Amino acid sequence: LGPATLETLPPEPLLIAATAGTTDAGLIDPLPEIAALCARRGARLHIDAAYGGALLFSPRHRARLDGLAAADTVTLDLHKLGWQPVAAGLLAVRDGHDLAALNHRADYLNADDDTEAGLPDLLGRSLRTTRRPDVLKIAVTLKTLGRTGLGHLVDRVCAQAQEFAELVDRHPGFELHAPPTIGTVLFRPAGATDDTVAAVRRQLLTDGRAVLG
């Protein structure tokens, strides 16, 4: 929904969710306008920046995420544009009270005698309790490359996507859907049916030559 449509919602919406980088095309919602609307309407703002959030690392591209700082909560998946293996999801909150659910107690997870004895438990430390500590690989990458190093990688991906899109657009055998917003280039063989496109994509994958979405 665009800002104009959001204006027609009931007087007090509880939550509005915006997207910074759609899965298929990498499109980014008009975040400043949506943030301003939330401020006027008293609504909470969540921004799904799973794909596009890594643009923050790039001084050249981070302006595309203007308005992100106004969000109450933001999600990022650094396995999408952060050079991490799956899974590498992050939840950022403006108000620490939004993490109060981490303090929920369950008898089968929290043994009172162990807690009183000072033994650590994971219930208040992770949304996923005993799952693997995915944040470790993110921390290692940030420590190794830093924001500058990751920013250079983001710049390179965006530049290569733009260059590839220009090559596709000039080629008579392909149709470019639209200029890329981040790193996703949507194109197809000129005049091809959906079935033909699917067959080509699967054959390239089977042959080990390319992975196309």
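What pairs can you find where one residue is in region 81-96 and touching a residue at least 40 places away in the same chain (Cβ under 8 Å), the other is polar (S, T, N, Q), and their Cβ atoms are less than 8 Å apart, with a gap of 6+ or different chains? So the pair list comes out as 82/141; 83/141; 84/141; 89/75; 90/75. Could you tell me whether region 41-59 includes any residue that is surrounded by fewer than 21 Cβ atoms within 10 Å (Cβ to Cβ), under 12 Å from the mean Cα position of the chain (by Cα) and under 20 Å from residue 185 (Cα atoms)? Checked against the condition, which is being surrounded by fewer than 21 Cβ atoms within 10 Å (Cβ to Cβ), under 12 Å from the mean Cα position of the chain (by Cα) and under 20 Å from residue 185 (Cα atoms), region 41-59 yields no hits at all.
Here region 185-212 is the region considered, the condition is being part of a loop (DSSP other than H, G, I, E, B) and touching a helix residue (DSSP H, G or I) at 6+ places or on another chain (Cβ under 8 Å), and the residue that is nearest to residue 173 (Cα to Cα) is 192. Sub-6 Å Cβ pairs linking a first residue in region 162-184 that is more than 18 Å from residue 27 (Cα to Cα) and touching a residue at least 12 places away in the same chain (Cβ under 8 Å) to a second residue that is in a strand (DSSP E or B) and of a type outside the set (Phe, Trp, Tyr), at least 6 apart or interchain, are 168/176; 175/188, ordered by first then second residue. Kindly check whether there is at least one residue in region 156-173 that is under 30 Å from residue 99 (Cα atoms) and over 23 Å from the mean Cα position of the chain (by Cα). No: zero hits. Anything in region 69-102 that is in contact with a His (Cβ under 9 Å, 6 or more places away or on another chain) and not small (Gly, Ala, Ser)? List them, or say none. Answer for region 69-102, where residues must be in contact with a His (Cβ under 9 Å, 6 or more places away or on another chain) and not small (Gly, Ala, Ser): 72, 73, 74, 75, 85, 86. Residue count for region 171-184 satisfying the condition of being buried (at least 18 other Cβ atoms within 10 Å of the Cβ), aliphatic (A, V, I, L, M) and assigned to a loop (DSSP other than H, G, I, E, B): 1. Within the option set 206, 193, being more than 20 Å from the chain's Cα centre (by Cα), without any contact (Cβ under 8 Å) to a residue 24 or more places away in the chain and over 26 Å from residue 27 (Cα atoms) holds for one residue only, 206. Taken together, 66, 72 contain a single residue that is at pLDDT 95 or above, in contact with a Cys (Cβ under 9 Å, 6 or more places away or on another chain) and either exposed (fewer than 13 other Cβ atoms within 10 Å of the Cβ) or among the acidic types (Asp, Glu) (or both), which is 72.
The values are calculated or read from the model by the stated rules, or taken from the named source; none is laboratory data. Because the structure is a prediction, the values reported are computed rather than measured. All Cβ positions, glycine included, derive from the backbone under ideal geometry; neighbour counts span all protein chains shown.
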